[in-house]
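The structure appears below as structure tokens.
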Amino acid sequence: MGRIRTVFFILSGAVLAACGGGSEHTAPGATELPAAETAKTDSPAVAAVDAARLSNAAADLDNWLSYGRSYAEQRYSPLDQINDENIDELGLAWAVELDTNRGQEATPLIIDGVMYVSTAWSKVMALNAASGEVLWRFDPENIGAKAAHACCDVVNRGVAVWNGKIYVGTIDGRLIALAAATGRKVWETITVDQEKPYTITMAPRAVKGKIIIGNSGAELGVRGYVSAYDAETGDLVWRFYTVPGDPADGPDDAASDEALAELALPTWHGEWWTLGGGGTVWDSVVYDEAFDQLLVGVGNGAPWNHRYRSEGKGDNLFLSSILALNPDTGAYKWHYQASPGDTWDYTNTQQITLADLEIDGEMRKVLMQAPKNGFFYVIDRENGKLISAEPYVYQNWAERIDLETGRPVETPNARYTDGPQMVLPGGIGGHAWQPMSYNPDTGLVYIPAMTVPLVYEHNENYEVHYGRWNTGVTFTDPPETPELRGDVDARRAQMRALQKGYLIAWDPVAQEPRWTVEREWPWNGGTLTTGGNLIFQGTPHGAFEARAADNGKLLWSFQSHRGIMAGPATYRVEGEQYVAVMGGYGGSMGMATPDERNRYTPPNGLLMAFKLDGDATLPTYEPVPRPDPAPSDETFSDAQLQTGQDKYFTYCAICHNGPTNPDLDRTPYMQDAGAWEAIVIDGALEDSGMASFRDYLSTDESEAIRAYVNTLARDLAEREGGAQ
Ligand code: CA
């Protein structure tokens, strides 16, 4: 007890700022409304959004009614009051500081002058969209320790609206309906087995009186599915599992039963169900009105390595696929699988965008997707047939996609069955969740893309770590390849140099780039495009930029001092156009990729809105340097350090290697064996999202990690010319 108190005492001091929001997720909820707001009733006249309004969303210039603006998810607004001629007059209209520096990924909804937005820890707020005045806040009071099940920070990508209610999925797996007028909870339902490592970060979608929601957690050991709930009552209407369960358990009595038995089951081998199989639906769901079908993007397998998941055999349907389902019943219509037998973490959960494109003189109703595997796909929505697929970033795992079969022709050793292989894209993908946009005026798709190679090696010693990262892959040094030559240091440097980010303006008909902006750092923000010949995009180093949509010329830039990853939105209030975006670095790169330029603790996130002649100012930014590394002078045994290194990379690095969460090589706890054990084993910081690792680590192993972290801190101190 005394030990735990010590931890909290330290936490309440300087360390709190470095803890990425720490226990702040239990901050004020919807119960603490301003008096004027509590008097309001849950009037359905507020946010009265029905099927007709959602159907007309693309032409509704004032509003942004669903995650990707309209069902087609083009993230294009015809608004042109702000345009390439007057963009230099764009200024900050208002900014609201958020309660944490954890990642912010949401695209706000704007409905009749009110903005509804989710923030880290699946909180929701409503604001006056013209002034930024906060109307209400809602805190779902998540199970804090579920943060350890979130692969890529406690982010949330947005809310949905239907008939006076706002819907949010929570990091601990619930779907919650709120009265749009007051933020009062109308209903909530648990959509996952909370004992399992499921989380939710995606924006729900409202379709025909139902709320569609999936979940995340493939790496940690879950079975993916997508569910539809009655928007009024929260009752489950249907569920579609994306991968088969244990055949011994029989059918699930779900919408997926027939498709799994007939199509999917024959493509699986071994005992995949022990780790759930993966296939989570964690981001993209699109309602395709033209064919009355729901298009669902399905994620990677669990574990990544096909040899462990399915004895190296079979396509493993419906992993890495797009599924078309009947929105009323969940019944299967068709599927397209981009990466059969995925073994690289090649998800197809990336944004799905619908458009009418003229291809070979014929108008086609297509879907477009730039999934992780590096190919840009144009698919006929009527039947799921592939029209074209070309690489939008450099990739080396496939010679091409065969248009007859729709299947990739893989390159030799792409599956690392014959020794380690550097593969591009690596598991982070050529494109992640950051939304792309399509501008029908330019005919271009604006993709926040990246190249991040990864060296995959079959892990001979893989053991299942249920609830932690399961890849079955050893991430190793780059072998000699045509791209990488010389000694290991030279090859590492060459591999690092391959890491780049790109804003790509892609012509989906010609299947080639029209122009590209190269960025030094891979992770870059979601895009918005407008009728004013503009694209808006954030960068991880704080800039919010506008470019000409036709030629990519940089026209305007605003420094926010926060990495901006989220998709921007635009809307109009009383005839005035605004552009809004969330600032707050996070996601997998914010968690797990050290960026030497981030020498300062990230400040709390911001919700910002811009308009012509806006003259608001940001809250003062005072950079807070990260704490100096302060290793203890204890000596540790080689065996301890070896164990510590292994366990550090198995359990710690995935969340503690980037700028968002506390740097373990700077934490003062490394000096204090008691405090360390209280946190790592006893779960003293569980409410802040640092779960107990008692189920995974012995106290000796925890102590070995502390030993290794001290050596990391000594190295860091040396590099920074510090105390050592
Ligand atoms: Ca994944």
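Being touching a His at 6+ places or on another chain (Cβ under 8 Å) and within 13 Å of residue 301 (Cα to Cα) is the filter; apply it to region 314-355 and report the residue that is surrounded by the fewest Cβ atoms within 10 Å (Cβ to Cβ).
Step one: list which residues in region 314-355 are touching a His at 6+ places or on another chain (Cβ under 8 Å), which gives 314, 316-318, 321-324, 341-343, 350.
Add one more test, that the residue is within 13 Å of residue 301 (Cα to Cα), and what stays is 314, 316-318, 321, 341-343.
Numbers: 314: 19, 316: 29, 317: 25, 318: 29, 321: 26, 341: 21, 342: 29, 343: 30.
By that ranking, first place goes to 314.
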Revision key, fill the gap. Residue 470 fails exactly one of (1) out of contact with any strand residue (DSSP E or B) (no Cβ under 7 Å at 6 or more places or on another chain); (2) more than 22 Å from residue 298 (Cα to Cα); (3) in a loop (DSSP other than H, G, I, E, B), namely (2)
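Could you check, for region 103-122, whether at least one of its residues is assigned to a helix (DSSP H, G or I), at pLDDT below 95 and in the same structural domain as residue 470 (by TED's automatic domain parsing)? Outline the logic, then answer.
Taking region 103-122 as the starting set, the residues that turn out to be assigned to a helix (DSSP H, G or I) are 120-122.
Keeping just the survivors that are at pLDDT below 95 gives none.
The answer is no, given that none of the residues of region 103-122 is assigned to a helix (DSSP H, G or I), at pLDDT below 95 and in the same structural domain as residue 470 (by TED's automatic domain parsing).
Based on this model, can you work out whether residue 299 counts as over 30 Å from residue 106 (Cα atoms) and either of a type outside the set (A, V, I, L, M, F, W, C) or within 16 Å of the ligand (Cβ to nearest atom) (or both)?
no
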Point to revise | Selection from region 215-237 of residues that are away from the ligand (no atom under 16 Å from the Cβ) and assigned to a loop (DSSP other than H, G, I, E, B) | key: 231, 232, 233, 234, 235
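Does region 238-254 include one or more residues that are within 16 Å of the ligand (Cβ to nearest atom), assigned to a helix (DSSP H, G or I) and farther than 29 Å from residue 435 by Cβ?
Our first condition is that a residue be within 16 Å of the ligand (Cβ to nearest atom); within region 238-254, this holds for 242-243.
Within this subset, residues satisfying the condition of being assigned to a helix (DSSP H, G or I) are none.
Taking every residue of region 238-254 in turn, none turns out to be within 16 Å of the ligand (Cβ to nearest atom), assigned to a helix (DSSP H, G or I) and farther than 29 Å from residue 435 by Cβ.
Taking the residues in region 275-295 that are under 13 Å from residue 207 (Cα atoms) and in contact (Cβ under 8 Å) with a residue 40 or more places away in the chain as candidates, determine which candidate is nearest to the ligand (Cβ to nearest atom). Give the derivation first.
Of all residues in region 275-295, those under 13 Å from residue 207 (Cα atoms) come to 285-289, 292-295.
Going one step further and asking which of them are in contact (Cβ under 8 Å) with a residue 40 or more places away in the chain, we end up with 285-289, 293-295.
Details: 285: 17, 286: 20, 287: 24, 288: 25, 289: 30, 293: 25, 294: 22, 295: 20 Å.
This residue is 285.
Which residue, of 37, 73, 24, is over 30 Å from residue 668 (Cα atoms), modelled with pLDDT under 75 and either assigned by TED's automatic domain parsing to the domain that holds residue 183 or in a helix (DSSP H, G or I) (or both)? Steps first, please.
Numbers: 73 fails: modelled with pLDDT under 75; 24 fails: over 30 Å from residue 668 (Cα atoms).
Step by step, each of 37, 73, 24 is checked, and only 37 is over 30 Å from residue 668 (Cα atoms), modelled with pLDDT under 75 and either assigned by TED's automatic domain parsing to the domain that holds residue 183 or in a helix (DSSP H, G or I) (or both).
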**Study point:** Pair list, Cβ under 6 Å, 6 or more apart: region 644-673 residue within 14 Å of residue 629 (Cα to Cα) and aromatic (Phe, Trp, Tyr), other residue in a helix (DSSP H, G or I) and at pLDDT 85 or above
**Key:** 669/675; 669/676
Review point. Of the numbered conditions (1) among the aliphatic types (A, V, I, L, M); (2) closer than 17 Å to residue 571 by Cβ; (3) buried (at least 23 other Cβ atoms within 10 Å of the Cβ), residue 120 satisfies every one except a single condition; which is it?
Key: (2)
Check your understanding: Do we have any residue at all in region 86-93 that's out of contact with any Gly (no Cβ under 7 Å at 6 or more places or on another chain) and small (Gly, Ala, Ser)?
Key -> no
Practice item. Can you confirm whether region 701-708 contains a residue that is surrounded by fewer than 17 Cβ atoms within 10 Å (Cβ to Cβ) and either outside the structural domain of residue 601 (by TED's automatic domain parsing) or out of contact with any strand residue (DSSP E or B) (no Cβ under 8 Å at 6 or more places or on another chain) (or both)? Key: no
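The values are calculated or read from the model by the stated rules, or taken from the named source; none is laboratory data. Small disclaimer: the values here were computed from a predicted structure and weren't measured. Note that each Cβ is placed from the backbone with ideal geometry, even for glycine, and that neighbours are counted across all protein chains shown.
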